Every structure is written in C-alpha cells, then in structure tokens.
Amino acid sequence: MSVDWEPPVRVGTSVYEELRARILTGELSSGARLTVPAIAKQLNVSRSPVRDAVLQLVREGLAIEEFNRGATVFIPSRASLVSLYHAREALEGMAARLAAARTTPEAVSELSLILDEHEAIDPGDFARHIDLDARFHRRVRDLAGSPVLSRMLEEIQGQVIVAMRSTNLSGGVGRATAEHRAILEALVQQDPDAAERVARAHIVRLRRILEGPEQEAGDPPLPQASAG
Ligand SMILES: [Zn+2]
C-alpha cells in the first residue's frame, strides 16, 4: 500500500499517528518540546498538519499546551495517574461485564492466544508486556460492543501506556497475566458479576501500586511497578 495515493486529508492523521507512536515508545520522552516548525521539517510536511496533530495529542491528554511556549509531552504525576486509574477501573469493569454477556468461541480463542503469548514472554520485555496487555484489554472492550465505552477507553489508552512506561517493571507480568486469566475465565463462564469484579480488582491493584504505601507531600517519585 502506497501512501502516495492517500488524499491530502489523511496527512494530519499520519503525522498524528507518527507523533503518538513516538510518545508511546518513549522516543519522545515526557517533557519533550513539540515544536511545530522542527517537526514539520523532520517529517517533511507542512506546518498545518503538524499543528493539527499536536492539538489532537493535547485533546488526548498526551501533550500539554503551555501558554506562549507551545506543547510538550505530558509528564505524568502520581495524582494524575491515580485519577486515570479511577476512571479506568470503572470503564474496564463495565467492559468486562458487558463482554461476559456476549462471549463467542472466537473471542475466547483469540483472548486465549493473546494470554498464552503474554505468559510466555521474558518478564523483562516491557515493550511486549505493554503491547500484549493493551491487546487483551482492547479485545475485551471490542467484545463488549459498546461504542461509547470503547471510545472512552481508547481515549485514555495512550495515557495508560505512558503511565506504564513511566514506571519500571518489577515482576509485574506474572500477576498481570494471572489476573487476565481470571477475567478470561469469567468470560468463559459468561458470568457478568465475576467478570466485572475481577476486572476491577486488576485495575484497583495497579492503582494501589501507583498510590504508593502512603500519601506524601509534594508529589513524590512514581513507584517501581508495572501499571498494566
Ligand atoms: Zn491488564
């Protein structure tokens, strides 16, 4: 497929996708300046699609617009991540509840494949952990069949990945996959109550890691954990 045949309106999307991917992989790190002329030159596009892409990243919460300084890649604070995980708990819980009522053999086998792959990764391979975690949760919300819920989860997905990248992995893969296994089991049983309960418990555990052992003044450094 050649991008040469994409109509001009697609340009903004591809610049956005490029910048988003660079933020999510950490190539553009937290706090990095998103300077429109420099990005336009680097990507060999005009400034207006870059401006549109930056605005979209700001809307998605991946960048912060600073008065007279342009945009920078957002720096996750403990408070913002805890707030993110409060919202995520409710959304993932409902997605799992709805998914349990719509389980199909195809969805179960797809989720099983993702989970088998996830359980087999090197626990230190953080990039694959993030990718497989995201694929599992995305498949569950697709199954839920709720467009608004999917859109809301998709909107915070970027911030969730940045949150995960901002923390370091310390044996989180085993617990994450065990919890995903419990979610899948509830879907297989077509048990909405159990599905919501285990999905919420998964996110609550991660939120507690983000909250840290105690509330301290001055937004202390983020804990060493996997927030998947
Ligand atoms: Zn997860």
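Which residue pairs have Cβ atoms under 9 Å apart, sit 6 or more places apart or on different chains, and have a first residue in segment 133-160 that is under 18 Å from residue 206 (Cβ atoms) and a second that is assigned to a helix (DSSP H, G or I) and basic (Lys, Arg)? Listed pairs, sorted by first residue: 153/88; 153/138; 153/141; 156/88; 157/138; 158/20; 160/88.
Here residue 110 meets the list (1) closer than 30 Å to residue 181 by Cα; (2) in contact (Cβ under 8 Å) with a residue 40 or more places away in the chain; (3) charged (D, E, K, R) almost entirely, failing just condition (2).
Among the residues of segment 77-107, those that are crowded, with 20+ Cβ neighbours inside 10 Å and either more than 22 Å from residue 194 (Cα to Cα) or free of Cβ contacts under 8 Å to residues at least 60 places away in the same chain (or both) comprise 81, 84. For segment 57-75, a residue qualifies if it is in contact (Cβ under 8 Å) with a residue 24 or more places away in the chain, within 19 Å of residue 163 (Cβ to Cβ) and in contact with a Ser or Thr (Cβ under 8 Å, 6 or more places away or on another chain), and the qualifying residues are 63, 73, 74, 75. Of everything listed in (1) loosely packed, with under 15 Cβ neighbours inside 10 Å; (2) outside the structural domain of residue 207 (by TED's automatic domain parsing), the single unmet condition for residue 127 is (2). Residue count for segment 154-199, restricted to those that are within 12 Å of the ligand (Cβ to nearest atom) and either of a type in the set (Ser, Thr, Tyr) or at pLDDT 95 or above (or both): 10. Of all the residues in segment 113-132, those that are among the charged types (D, E, K, R) and touching a residue at least 12 places away in the same chain (Cβ under 8 Å) number 2.
The values are calculated or read from the model by the stated rules, or taken from the named source; none is laboratory data. Treat the numbers as computed from the prediction; the structure is a model and nothing was measured. Neighbour counts run over all protein chains shown; Cβ positions are idealised from the backbone, glycine included.
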